[in-house]
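**Q** One structure follows; several queries about it will come next.
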Amino acid sequence: SQFAVEYGAEVPITYTVPEGYVVTSALAYGASINKGVDGKIVLNSVTEPTELIIDARLKQHELKFDGNGAEGTMDSQIFSYGEAQTINEPTEFIREGYSFAGWNTEADGSGTSYTVRSSLTFTPQEDGETSTLYAQWKKATVVGDNSLPEDDSNNNDKSANEGDGNNNNDKSVNE
């Protein structure tokens, strides 16, 4: 909108930021600017026609991942206000003897649980809020011995001789 002001005047301007947005910058061409809290700006020393540009973006929420006893690290995932995203898989975490069982908001598993590839939506009150999901692990079980027996068919001489050199006292041991 346009309005006239006295030369050199201070002009308080109030604006409304839509829910879920945060102001990232405010620029004034033709005056200096004092940025107050969201919703208030004061233009100082207005000496010419002034254009005010206010940029905003959706608030962001950072979701961190904790291996909860596993080795490795995993990058955080950034969520924009109100936009659903699928939770990342724990591809960077390794815990010997365990298999991944899902995510939880508490390390001991007493919080809210999420399965692999669950969808989450955040509506942060403040820009840059963070939360952490903790990997949940279950002890891996091994069922039976799945190894194959060794194949001795390519080894024709697997004997070791012991004794005194007399054939009647020699012993042959097959492995």
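The values are calculated or read from the model by the stated rules, or taken from the named source; none is laboratory data. As the structure is a prediction and not an experimental result, all values here were calculated from the model. Cβ placement follows ideal geometry from the backbone for every residue including glycine, while neighbour counts extend to all protein chains displayed. For accessibility, only protein heavy atoms count, side chains too; no ligands or nucleic acids. Shrake-Rupley method; radii C 1.70, N 1.55, O 1.52, S 1.80 Å.
**Q** So if I check each of Asn174, Asn88, Asn154, which one is at pLDDT below 95 and closer than 30 Å to Thr24 by Cβ?
**A** Only one candidate passes the filter, namely Asn88.
**Q** Name the single residue, out of those in segment 9-40 being within 30 Å of Phe79 (Cβ to Cβ) and of a type in the set (A, V, I, L, M), that is most open to solvent (accessible area, probe 1.4 Å). Walk me through it before giving the result.
**A** So the first thing to find is which residues in segment 9-40 are within 30 Å of Phe79 (Cβ to Cβ), and the list is 14-27, 35-40.
Still in the list and also of a type in the set (A, V, I, L, M): 17, 22-23, 26-27, 37.
Details: Val17: 39, Val22: 24, Val23: 13, Ala26: 19, Leu27: 79, Val37: 108 Å².
Here the answer is Val37.
**Q** While we're looking at this one, here's another question. Might you let me know whether segment 116-137 holds any residue that is more than 30 Å from Gly20 (Cα to Cα) and modelled with pLDDT of 85 or more?
**A** Within segment 116-137, one or more residues are more than 30 Å from Gly20 (Cα to Cα) and modelled with pLDDT of 85 or more.
**Q** Hey, another quick one. Going by what's in this entry, would Ala84 be described as under 22 Å from Arg117 (Cβ atoms), open to solvent by less than 50 Å² (accessible area, probe 1.4 Å) and aliphatic (A, V, I, L, M)?
**A** So Ala84 fails the test.
Each row is one residue, and each column tells you yes or no for (1) part of a strand (DSSP E or B); (2) out of contact with any strand residue (DSSP E or B) (no Cβ under 7 Å at 6 or more places or on another chain); (3) exposed (fewer than 14 other Cβ atoms within 10 Å of the Cβ); (4) not acidic (Asp, Glu).
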residue: Val42; (1), (2), (3), (4): yes, no, no, yes
residue: Thr47; (1), (2), (3), (4): no, yes, yes, yes
residue: Ile53; (1), (2), (3), (4): yes, no, yes, yes
residue: His61; (1), (2), (3), (4): yes, no, no, yes
residue: Asp75; (1), (2), (3), (4): no, yes, yes, no
residue: Ile78; (1), (2), (3), (4): yes, no, yes, yes
residue: Asn88; (1), (2), (3), (4): no, no, no, yes
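**Q** Could you go through segment 99-112 and let me know if any residue there is touching a Phe, Trp or Tyr at 6+ places or on another chain (Cβ under 6 Å) and in contact (Cβ under 8 Å) with a residue 40 or more places away in the chain.
**A** Yes, because at least one residue in segment 99-112 is touching a Phe, Trp or Tyr at 6+ places or on another chain (Cβ under 6 Å) and in contact (Cβ under 8 Å) with a residue 40 or more places away in the chain.
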